[in-house]
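Notes for the one structure printed next.
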Amino acid sequence: MKKSVRLFIIVICLISTSPFKIYSQQEETIKFPNEWKFIPGDNPEYAKPDYDDSKWKSIRVDKIWEDQGYENLDRFAWYRVKVFIPSSLKEKAFLKDSLKIFLGKINNFDQSYINGKIFGINGKNVPSDTKIDTSFLNAPTNFWDYNRRYTLSVNDPRILWEKENVFAIRVFDQGGQGGIYTGDQTISMVKISEYLSLNYDQVQFQYKNGSIKKLLVLKNTSPKLTLAGEFTINAVSKLDGEIVSDKSYNVNLKPGAAKKINFSLAKQDHSNIVTYKFDFTKSKESISFSEETPYILTPPVSLKPQINGARIYGERTGKPFLYLIAASGARPMKFQAENLPEGLSLNKNSGIITGRVNQKGEYSVKLTAGNKYGKAQSYLKIIIGDQIELTPPMGWNSWNCWGLSVDQSKVFSSANEFINKKLSQHGWTYINIDDGWEVKGDSKDPKRDTNGNIIVNEKFPSMKALGDSIHALGLKFGIYSSPGPLTCGGYTASYQYELKDAESYSSWGIDYLKYDWCSYDNIAKDHSLPELKEPYYVMREALNKVDRDIVFSLCQYGMGDVWKWGAEVGGNLWRTTGDITDTWQSLSEIGFSQVENAKYAGPGHWNDPDMLIVGWVGWGPSLHPTRLTPDEQYTHISLWSLLSAPLLLGCDLERLDDFTLNLLTNDEVIALDQDALGKQAVPVIKRDSIQVWKKNLSDGNIAVGIFNLDSKSKKFTLDLKGLGLTKKSLIRDLWRQKNLGRFKDTFTADVPSHGVVLIKVFKG
Ligand code: GLA
């Protein structure tokens, strides 16, 4: 390997933190222009090469169409562009087999044409005689976050070599954001390295005997080429760049063959950067992949009892009450609750409190949890009155993992996993179904019965039974709908059936409703405040009529500064942004912009910067481990906790690994989110890519997150006086649950790139 190549790769590793791939050999690449022609609507003529699109408007293909003047466009639109494809592309290439057309991501569905002939649908190559219809919209998943990489054989008659080629892309946006949006669309020849697959980002490191391990599989995906070369694995410390491991293997992979390599590293309390590199002998091409290793900071849970979770809980007068005492420690465990309000009773073995309280009031309940290792006590303030959700909801929602492929068994298994993996012992409570449980809007099947009651699709045989079994575990049950006729996924929604639906929810035992704007755009006259508020008032009124407390979660992506009026329309939480995805860009743009809305959060009404993206996510039937690095995940959970944000997991709970569990079971971090004061953190310092966020806590102390948004790790000195701390203050590292000592004037910390140091500062 040439030294310069190695150097280049190491430099890139140090500045980039998300898993990534680099192709070292730059062959000729044709770049699509960034502006294409565009028209909303649908007409098969638009695919034809000689169609006259001169009157169409121009549009950029590096941002969603909503940001370019097409705000409410949730249907078909076409893009067209002309590109000259030179023969030199194939002449200069090492492999001369196939042409690659890379269109980036498209929100949501695409049918892609070249010179009037279809070549790709939703990311899959298709032959030119493929039947053209609208079945591409019925996919079980929604492809908004999926790169469209299409290939055509060089001899394919659809390509016009040495001529102008007309590309036409028929796009359908299901709701929310739409269009071709990632930019950097290219045409190039398929390289030899593209036939090598490495599963590094499909398997997580396992913790075993003081080390972390991963089974790597190198695979040759070509049916005819042999891949030969040198495979190297190099690991360096993320903090100081020191080499931790350096290995190399000679590899010769026959067509379709695979090679397995067991890779392990000693466990550490920071990330290492691992670079996997393959140098191809014949073509002199090389490819490298990189990732950061996980490290666990949360100390192991003690066998002794410990009562976790919020110290405050609200329910309305006379409504069904269900509360599971969140307590960690060995089982069997016995529970006691002294001074429970009249009407409530405790199951001493499970720790589940149920009943109804008819008397308004505040009750200080003494909880005890005991097992053979000891006893823990704690006070819970139960407030019976008008308010619920006195602390932000914590739970699971099906969307970020299963998308529209959610079904009853996946939901029930998530509830079971809350118990099996002991998440409920740390306060995780809600099990929420997102979109996809109703009958599809375009289905011939009835959507409602003759009385107007909504019909549940075949994937959910019994909502009532599902609700009962979730409640039997002490957990709560949530559901999803839209105020429009259809949900974002095109399923039946609540428009003009709001009360009927609230009654159905109540009969199933629903505790939480996410109400998603989407097709209400076709009902609302405009986005004026009265129009934005109206559907939420209507559903709130319906929910008030049923005999349950149902958390009301507004989802309309922050339109009209919803934080200013979300509480007025009866919302307990409201989405402040568009949909999150599992990238640093998405996480950091959303998380660090929650500033203006801070003063509107408080007990009973929370800003919702969207659900968590840790663990195995995917928005559809096939999932992948989150693309966030371990440090980015520490940032995610720390920031959301400082923000008093709802903590809704969006991952497959059956596949939780040790690292993710460590993120979700740190009681001192969760305590920030669940703090009874309900004050959202605010940024107090923004300097050189460091942001310091401060949160006031109910015990009079403060929590501070020092975040490093830079791609390099940094030392940062915090001015304690600037935080109003004049005396020597005890500082505690919350992830490590360790006191760091008493500090006056300053506190200095190493903050990993895209990572965080999360501390609690005790005043006085
Ligand atoms: C919208 C919401 C998501 C999810 C989907 C379901 O995009 O913002 O959170 O509920 O709809 O289709």
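Please treat every number below as a calculation from the coordinates, not as lab data. These numbers come from a predicted model, not from an experiment. Cβ atoms come from the backbone with ideal geometry, glycine included; neighbour counts cover every protein chain shown.
State the answer as a single residue: which of ALA310, LEU367, ALA327 lies farthest towards the positive end of the charge dipole of region 306-385, with beta carbon charges of +1 for Lys and Arg and -1 for Asp and Glu, about the Cα centre.
ALA327
For region 683-762, with the dipole built from +1 on Lys and Arg beta-carbon atoms and -1 on Asp and Glu ones, taken about the Cα centre, which of GLY724, ASN708, SER689 lies farthest toward the positive end?
Going by the charge dipole, the pick is GLY724.
Above 20 angstrom, tally the Cα pairs of region 195-292 and express them as a % of all pairs, no decimals. Can you show the working numbers first?
Details: 1802 of 4753 pairs.
Beyond 20 Å sits 38 percent of the P(r) for region 195-292.
Translational diffusion coefficient, Stokes-Einstein: compute it for the chain using the Kirkwood radius over C-alpha pairs as Rh, at 20 °C and 1.002 mPa s, and state it as an integer in µm² s⁻¹.
76
Seen from all sides and averaged, what is the projected area of the convex hull of the Cα atoms in region 306-385, in nm²?
One quarter of the hull surface, i.e. the mean projection, equals 4.4 nm².
With the cut-off at 15 Å, report for region 398-469 the share of all Cα pairs above it, as a whole percent.
Considering region 398-469, 60 percent of its Cα-Cα pairs are separated by more than 15 Å.
In nm, what is the difference between 0.36 nm times the number of residues separating ASN739 and ARG331 and their Cα-Cα distance? Show your work: numbers first, answer last.
Details: separation 408, 0.36 × 408 = 146.88 nm, distance 2.91 nm.
Gain on extension, ASN739 to ARG331, equals 144.0 nm.
Say R0 is 41 Å: what FRET efficiency, to the nearest 0.05, do SER345 and THR221 get from their beta-carbon distance?
For R0 = 41 Å, the calculated efficiency reads 0.10.
Show me the helices of the chain, taken as full DSSP H stretches, that run 30 Å or more along their long axis by Cα and average -1.0 or above in Kyte-Doolittle hydropathy. Show your work: numbers first, answer last.
Working: long enough: none.
Qualifying helices, which must be both long enough and hydrophobic enough, do not occur.
Please give the calculated 222 nm ellipticity per residue for the chain, where each DSSP H segment of at least 4 residues contributes -39500 (n - 2.57) and the sum is spread over every residue; nearest 500 deg cm²/dmol? Provide the component values of the computation, followed by the final result.
Working: 11 runs with 107 residues, N = 764.
After summing the helix terms and dividing by residue count, I get -4000 deg cm²/dmol.
Any chance you could tell me what percent of the C-alpha pair distances in region 25-190 go past 21 Å?
In whole percent, the share of Cα-Cα pairs in region 25-190 beyond 21 Å is 43.
Describe numerically, in nm with one decimal, the distance between label points set 7 Å from Cα along Cα→Cβ at GLU458 and at SER153.
3.8
Could you pull the Cα extents of region 396-677 along its three principal axes, largest to smallest, in whole Å?
52, 40, 32
Given region 635-764 reduced to its alpha-carbon atoms as identical point scatterers, what log10 I(q)/I(0) does the Debye formula return at q = 0.11, 0.17, 0.18, 0.20 Å⁻¹?
Ignoring solvent entirely, the Cα scatterers give -0.38, -0.90, -1.00, -1.22.
Which entries in the list LYS48/LYS92; LYS63/LYS117; LYS90/LYS259; LYS514/LYS695; LYS304/LYS410; LYS31/LYS117 go over 24 Å, if you measure between the two C-alpha atoms of each?
LYS48/LYS92; LYS63/LYS117; LYS90/LYS259; LYS514/LYS695; LYS304/LYS410
How do 506-515, 84-93, 211-220, 255-264 rank on mean C-beta neighbours within 10 Å, highest first?
506-515, 211-220, 84-93, 255-264
May I ask you to list the aspartates and glutamates whose Cα is less than 14 Å away from that of LYS267, ignoring any residue fewer than eight positions away on the same chain?
In chain and number order, the partners are GLU292, ASP658.
Among SER245, VAL217, GLY179, flag the residue with its Cα farthest along the positive direction of the charge dipole of region 169-266, charges on Cβ as +1 for Lys/Arg and -1 for Asp/Glu.
The one lying farthest along the dipole's positive direction is VAL217.
Could you let me know the centre-to-centre spacing of region 294-373 and region 440-510, using Cα atoms, in angstrom?
Each part reduced to its Cα centre gives a spacing of 30 Å.
Round to the nearest 0.05 the FRET efficiency obtained for ALA258 and GLU230 when R0 = 22 Å and r is the Cβ-Cβ distance.
Calculated value: 0.80.
Tabulate in residue order the Karplus-calculated ³J(HN,Hα) for region 441-458, using 6.51 cos²θ - 1.76 cosθ + 1.60 with θ = phi - 60°, rounded to whole Hz; enter x for Gly and Pro.
My calculation for region 441-458 gives x, 9, 7, 7, 5, x, 9, 9, 7, 5, 8, x, 6, 5, 9, 8, 6, 5 Hz in order.
Using the Cα centre of region 306-385 as the reference point, and only Cβ charges (+1 on K/R, -1 on D/E), how large is the resulting charge dipole? Debye, rounded to the nearest 20.
It works out to roughly 180 debye.
Expressed as a rounded percentage, what relative contact order does region 195-292 have, with Cα pairs under 8 Å and six or more residues apart?
Reported as a whole number, the value is 30 percent.
Let me spell out the model: positive unit charges on the Cβ of Lys and Arg, negative unit charges on the Cβ of Asp and Glu, origin at the Cα centre of the chain. What dipole size does that give, in debye rounded to 20?
On the way: 95 positive and 88 negative charges, 537 e Å.
The dipole of the chain has a size of about 2580 debye.
Using 1/(1 + (r/R0)^6) with R0 = 41 angstrom and r between the beta carbons of VAL684 and LYS63, what's the FRET efficiency to the nearest 0.05? Kindly include the intermediate steps, with their values, before the conclusion.
Working: r = 32 Å, r/R0 = 0.78.
With R0 = 41 Å, the Cβ-Cβ based efficiency is 0.80.
State the Cα centre-to-centre distance between region 126-159 and region 385-409 in whole Å.
Cα centroid to Cα centroid, the span is 34 Å.
Listed here are the pairs LYS444/LYS533; LYS319/LYS459; LYS191/LYS254; LYS372/LYS422; which of them are more than 21 Å apart at the Cα?
Result: LYS444/LYS533; LYS319/LYS459 exceed 21 Å.
Would you please calculate the Kirkwood hydrodynamic radius of region 417-530 over all C-alpha pairs and express it in Å, rounded to one decimal? Don't skip to the answer; put the middle values down first.
Numbers: mean 1/r = 0.0659 Å⁻¹.
Result for region 417-530, one decimal place: 15.2 Å.
Quick check for me: using +1 on Lys/Arg Cβ and -1 on Asp/Glu Cβ, what's the dipole size of region 64-147 about its Cα centre, in debye to the nearest 20?
Computed charge dipole of region 64-147: roughly 520 debye.
How much net charge surrounds GLY604 when only the other residues with a Cβ under 13 Å from the Cβ of GLY604 are counted, with Lys and Arg +1 and Asp and Glu -1? Write out the running numbers ahead of the final one.
Numbers: positive: ARG316; negative: GLU315, ASP386, GLU389, ASP549, GLU568.
Around GLY604, the surrounding residues sum to -4.
Please give the net charge around PHE172, taking every other residue with its beta carbon less than 14 angstrom from that of PHE172, where Lys and Arg add +1 and Asp and Glu add -1.
Net charge in that neighbourhood comes out at -3.
Under 8 Å for C-alpha pairs, at least 6 residues apart: give me the relative contact order for region 683-762, rounded to a whole percent. Each step should come with its number before you reach the end.
Details: 169 pairs, mean separation 27.1, N = 80.
Relative contact order comes out at 34 percent.
Net charge near SER481, counting Lys/Arg +1 and Asp/Glu -1 over other residues with Cβ under 12 Å of its Cβ?
Taking every Cβ under 12 Å from that of SER481, the sum is -4.
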